[in-house]
Each structure stands twice: as structure tokens, then as C-alpha cells.
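One structure is given here, and the rest of the page talks about it.
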Amino acid sequence: DGGITQSPKYLFRKEGQNVTLSCEQNLNHDAMYWYRQDPGQGLRLIYYSQIVNDFQKGDIAEGYSVSREKKESFPLTVTSAQKNPTAFYLCASSMTGTGNTIYFGEGSWLTVV
Amino acid sequence: QKEVEQNSGPLSVPEGAIASLNCTYSDRGSQSFFWYRQYSGKSPELIMFIYSNGDKEDGRFTAQLNKASQYVSLLIRDSQPSDSATYLCAVNRPSNDYKLSFGAGTTVTVRA
């Protein structure tokens, strides 16, 4: 089945650690995105990539990093510089820009312990 | 002013009734509008998208767009307990075709 796979579903991070969230899609979409969701708030865009080997900062990129070495993959690293990383992280993809519908993966819960 | 605003709810409706959800947006140049449903602890799933003024119907769901008044609404007819979820409104940003602005969502509870 075509879709977006995120892993791990649950992740615990100690203070000062970097962690990487995986996102793989087999929809043949060019564009991929990372969003963060906090309780009672809308989704906020962290990074997006229009095409392989290219990515752009979203609205809240500080403390995060990404790479796009393959069309199918868009991993997100939450660095120790992100002071409040506990959140629900959502990877998404679309054919091109958001005039085309974006589809979400199942999400990853990150908790700082 | 927030880019996309929704009533947070909760909106409680009896089973079989119509649930009406509203969303207003600030950028008059927005052209693409989306409704997502999100069950507790799950990721958003697309319900409908609408680009043109007027109504668009898909099964029990109807999206209504009024660009002049800058609002988009979602009607859920014959509401079912399985419709209990948070509904997110999303609007494209004309300044960047790769960015959507999301509302905080309206929580709907359908009473059996």
C-alpha cells in the first residue's frame, strides 16, 4: 500500500541528546514536510523540501535539522538546541506545493525525560 | 490576528443532527482550503478540499467557501458517534505554495 511511514512511534529523549525521526514515503511525491503539534495548537511547519537535495526552513526551524538525500526519505533530527521538544511530530508529503493535497504519516510522539 | 481561526469547541451534537464548523482566515489571497479530521492521538486525515466559492458535497460532508467574507465551513449531516474528533481547517499561504496555515481545530462530540 502507498503511504507515509514514520518511526519510531514513541521516543524518549534525555536532556542534551539529539534524536532522529524517520519518514519514508512511497507515493512518489516530490514535496515533503515536517510539522509539530502541541496540545490545543494548530500544526506548525518545521521544515519542508520541494525536491531531492533541497530543503527550506519553515516557521519554527530552530533546534531542528533535516536532510533530503533520497526522494523517498526526509528524516528530522531534534537537536539539544531545541529547548521544548516534547510534542507530536508529523511528516507529510504532496505532489508539488500545497495547492496539491498533503497527506500525513501516523506521527511520532517525542517526550523529554 | 491569527492566520486561521476556529472555535475550539467542544461542539456537542446529538446523533443524526447536523454539525456546523466554521473557519475564518486572514489572507485574502488564499486559494486552497482543506478540512482534516484528527482522532485523539492519531494523525490528521483529509476529509475535503475546496478551491471555488460555493458548496462542495462529498457524502455526509459539505464544505462551503465564501472568499469575500473569508470563511470556510464544514457541515456534517446525520452525525455519527464515529464523527467525534477534532476537525482542522487549513489554508494555503499565497506567499509560498509550500506552506499551509492550520487552525487549532474544533473538537466535535456526537452524543449517541
Would it be correct to say that B:Ser30 is surrounded by 18 or more Cβ atoms within 10 Å (Cβ to Cβ), of a type outside the set (Val, Ile, Thr) and either in a strand (DSSP E or B) or touching a Gly at 6+ places or on another chain (Cβ under 7 Å) (or both)? no
B:Arg60 in contact (Cβ under 8 Å) with a residue 40 or more places away in the chain and basic (Lys, Arg): no
Can you tell me which residue within segment B:86-112, out of those that are of a type in the set (Gly, Ala, Ser) and assigned to a strand (DSSP E or B), is farthest from B:Leu75 (Cα to Cα)? B:Ser101
If we take segment A:1-100, then strands (runs of 3 or more DSSP E) inside it with 1 or more residues that are in contact (Cβ under 8 Å) with a residue 40 or more places away in the chain and of a type in the set (Lys, Arg) are A:10-13, A:31-37
Some residue of segment A:27-50 being among the β-branched types (Val, Ile, Thr), more than 14 Å from every other protein chain (Cβ to nearest Cβ) and surrounded by 13 or more Cβ atoms within 10 Å (Cβ to Cβ): no
Condition first: within 12 Å of chain B (Cβ to nearest Cβ) and under 20 Å from B:Ser101 (Cβ atoms). Can you find one or more residues in segment A:63-76 that meet it? no
What about A:Gly3, is it more than 20 Å from B:Ser101 (Cα to Cα) and within 12 Å of chain B (Cβ to nearest Cβ)? yes
Across segment A:32-42, which residue is nearest to B:Asp97 (Cα to Cα) among those that are modelled with pLDDT under 95 and within 16 Å of the chain's Cα centre (by Cα)? A:Gly42
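The values are calculated or read from the model by the stated rules, or taken from the named source; none is laboratory data. These numbers come from a predicted model, not from an experiment. Using ideal geometry, Cβ is built from the backbone for each residue, glycine included, and neighbour counts are taken over all protein chains shown.
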